[in-house]
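Peer 1: Encoded as structure tokens, here's the structure I'll be asking about.
Where a number appears in this text, it was derived from the coordinates with a stated rule and is not lab data. Here the structure is a predicted model, which is why all the values come from computation and not from measurement.
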Amino acid sequence: MPTEPAQPDNPATDAPTTPPASSSWKLWILLVWHPALGLAVDPVAVLGLDDRPDAPAGRVVRWVPLVYDAADPWRERLGESTTREDVERWTAQSGACAVEAVEVPDGALDLAHAADLVLDELLAEVIPALPPRGAL
């Protein structure tokens, strides 16, 4: 009995038709004034937002450890319903607080993991390079 030859997989037609969830994730570093540098460059948190209606976690905040008092301005600003419009408004403002957009890290499994990866990089590379708050 003749059998049909197996059809080769076609990646172009087998690809998912919906974009990956990570395409709707947006991440920002929340910064405060660094007294020694005279600029808002001191990272205190990572904010992640996912605007998809079915998103399991629409908002994620990962705070830098041991900066509770320095992060107070951001604790006052952030609410449960923080939106991209809020972030855009904060980006346009200047002063003691600043917002810096960052790319979603490769290999992030979900929004929380993406924020954790950014925080890990801040803790490993950025924060150690800053002078102490009262120095200079």
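Peer 1: Name the residues whose placed amide hydrogens come within less than 5 Å of the amide hydrogen of Val41, ignoring near sequence neighbours (fewer than 5 apart) on the same chain.
Peer 2: Result for Val41 returns Val32, His34.
Peer 1: Could you give the length gained by full extension between Glu76 and Ala101, i.e. 0.36 nm per residue of separation minus their alpha carbon distance, to one decimal place? All intermediate terms of the calculation are to be shown ahead of the outcome.
Peer 2: Details: separation 25, 0.36 × 25 = 9.00 nm, distance 2.00 nm.
Length difference between fully extended and current span is 7.0 nm.
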